[in-house]
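Heads up, the thing below is written out as structure tokens.
Readers should treat all values here as calculations from the given coordinates under stated rules, not as data from a laboratory. Fair warning: this is a prediction, and the values are worked out from it, not measured in the lab. No Cβ is skipped: glycine too gets one built from the backbone with ideal geometry, and neighbour counts run over all protein chains shown.
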Amino acid sequence: MEQKRTPGVLSLGLYSAAHFWVDLSCAALFFHRLYASPAFSVCLLVYNFCAFALQMPLGLLVDRLNKNRLLAVAGCWLTALAWLSPLPLLTAVAAGVGNALFHLGGGIDVLNQSREKAAALGIFVSPGALGLALGKLWGRAQGLPVWPVPAGLLLAGAMLLLPGRQGGLSSGNRPVSLETPFGLWPLLPLFLVVVLRSYMGMNQAFPWGSGGWGMLLVPALALGKAAGGFLMDTAGPRRAAVGSLGLAAGLYLLSALPLPGLLAVFLFNMTMPITLWAAARILPGAKGFAFGLLTFGLFLGFLPTWLDWPGLLTGPLGPAAGALLSLGLLWLGILWCRKGGDPC
């Protein structure tokens, strides 16, 4: 049986801070270097493909190499090197692959150390949204120096090499295996939850979103991800899913008002660490692949917006229906997890 562990405070803190800075760097890079390029739209697609869709095959490689921390460091430094690229597409590829390597290396390390607890997963994933928002502002600002951004990535990579030096670089990954009692089908509802969450996040709009209340949307999203892990550890995944998504659906009906809308966003995003935790339970022998499968869902959720398709699930009823659909899918994924032998 896999030993129950929680990640050290130093290690988790460094991974979370590095996650914030990696996402900040990618956003700053795009809006400082690529936004005015005629190839911006293509670069955005290429970046998202490399950063999210490519995590599936890279995840299996990371699982097998068993050097998670080293690959997270490589991701930080490759993202820093993207700032030196003279070609827009090469910049997008380097930043996307660097982002993917960091998320895989860091994410699998946290997954390894927190298989029985989801709080660490919530803490790790939550700073990304803040990093993206601040990176966009930094990249578009006039007169701000940008050299601290790649310099911070180099420093983050160096700091990640510090914890656990006495144990070497081996990460304790299980032998790679894609075998489950029911095949890979149990991952499908979790995958669809992520696709839906990504799509709703890309298309969600509130009448008050452009005002002062709108500045609280990103903090609500980030805090929701962090709080979701703690709620799951306290109440269990099924109660956490029902409580967060059920309340979110009701509050989305009132989301024309700022406070109910912010609470709905907070509650809806609480399920992110739950989906990661459940995927790791279903596929403990290939956490990187499970992680990458869910991030592929993020890429699919991004595509309709990139293609400029008409938005669905709009207005108060649309997000409410999306929350209820997410609840049904997540419940099914947790049920499959239970049938696979682990108590979820």
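Taking the Cα centre of region 187-339 as origin, work out the dipole magnitude from +1 charges on Lys and Arg Cβ and -1 charges on Asp and Glu Cβ, in debye rounded to 20. Don't skip to the end; give the middle numbers.
On the way: 8 positive and 2 negative charges, 106 e Å.
Its charge dipole is roughly 500 debye.
With unit charges on the beta carbons (Lys and Arg positive, Asp and Glu negative) and the dipole taken about the Cα centre of the chain, which residue among 196, 229, 292 sits farthest to the positive side?
229
How high is the FRET efficiency between residue 9 and residue 174 when r is their beta carbon distance and R₀ equals 25 Å, given to the nearest 0.05?
Working: r = 25 Å, r/R0 = 0.99.
Given R0 = 25 Å and the Cβ-Cβ separation, E is 0.50.
Count the net charge of all other residues whose Cβ sits under 10 Å from the Cβ of residue 27, scoring Lys and Arg as +1 and Asp and Glu as -1. Let's see the in-between values first.
Numbers: positive: 136, 140; negative: 23.
With Lys, Arg at +1 and Asp, Glu at -1, the neighbours total +1.
When the Cα centres of region 310-326 and region 70-87 are compared, how far apart do they sit, in Å?
Distance between centres, Cα-based: 37 Å.
Among 173, 203, 99, which one shows the biggest mean-square fluctuation in a GNM of the chain, springs joining Cα atoms closer than 10 Å?
Between 173, 203, 99, it is 203 that shows the largest mean-square fluctuation.
Would you mind calculating the relative contact order of region 187-339 from Cα pairs under 8 angstrom and at least 6 residues apart, reporting the percent as a whole number? Let's see the in-between values first.
Details: 211 pairs, mean separation 63.8, N = 153.
42 percent.
Based on alpha-carbon centroids, what's the gap between region 25-45 and region 225-277 in Å, whole number please?
Between the Cα centre of region 25-45 and that of region 225-277, the gap is 32 Å.
At a 10 Å Cβ-Cβ cut-off, how would you order 308, 109, fewest neighbours first? Can you show the working numbers first?
Working: 308 8, 109 27.
So the residues, fewest neighbours to most, are 308, 109.
Contour minus end-to-end for residue 205 and residue 155, with contour as 0.36 nm per residue of separation and end-to-end as the Cα-Cα distance?
Details: separation 50, 0.36 × 50 = 18.00 nm, distance 3.68 nm.
Residue separation times 0.36 nm, minus the Cα-Cα distance, leaves 14.3 nm.
On a full-extension model of 0.36 nm per residue, what is the gain between residue 253 and residue 89, subtracting their alpha-carbon distance, rounded to one decimal in nm?
Working: separation 164, 0.36 × 164 = 59.04 nm, distance 4.18 nm.
Full extension from residue 253 to residue 89 adds 54.9 nm.
Listing 200, 215, 159 from the residue with the fewest other Cβ atoms within 10 Å to the one with the most, what is the order?
On the way: 200 23, 215 11, 159 17.
Least to most surrounded, the residues fall as 215, 159, 200.
Would you count, across the chain, every pair of lysines whose alpha carbons are under 26 angstrom apart, provided the pair is eight or more residues apart or spans two chains?
Lysine pairs meeting the criterion: 13.
Which value in Å does the Kirkwood hydrodynamic radius of the chain take, with 1/r averaged over all unlike C-alpha pairs and then inverted? List each step's numbers first, then the result.
Numbers: mean 1/r = 0.0498 Å⁻¹.
One decimal place: 20.1 Å for the Kirkwood radius.
Can you give me the C-alpha center-to-center distance between region 180-215 and region 120-154, rounded to a whole angstrom?
22
Counting C-alpha atoms alone, how compact is region 187-339: give Rg to one decimal and Dmax as a whole number, in angstrom.
For region 187-339, the Cα-based Rg and Dmax read 14.9, 47 Å.
When the helices in the chain are scored as -39500 (n - 2.57) per DSSP H run of 4 or longer and the sum is shared across all residues, what 222 nm value do you end up with, to the nearest 500 deg cm²/dmol?
Values: 15 runs with 232 residues, N = 344.
Only helices count here, giving -22000 deg cm²/dmol.
Hey, got the dipole for the chain? About the Cα centre, +1 on K and R Cβ, -1 on D and E Cβ, debye to the nearest 20? Numbers along the way, then the final one.
Values: 20 positive and 9 negative charges, 96 e Å.
Using Cβ point charges on Lys, Arg, Asp and Glu, the chain gives about 460 debye.
What are the ³J(HN,Hα) values, in whole Hz, obtained from phi via the Karplus relation 6.51 cos²θ - 1.76 cosθ + 1.60 with θ = phi - 60°, for each residue of region 199-204 in sequence order, with x given for Gly and Pro?
4, 5, x, 6, 10, 6
What ranking of 140, 281 emerges when the number of other C-beta atoms within 10 Å of each C-beta is taken as an exposure proxy, fewest first?
On the way: 140 14, 281 26.
By the 10 Å Cβ count, ascending, the order reads 140, 281.
Taking springs between alpha-carbon atoms closer than 10 angstrom, which of 11, 210, 177 fluctuates most in the Gaussian network model of the chain?
Answer for the Gaussian network model of the chain: 210.
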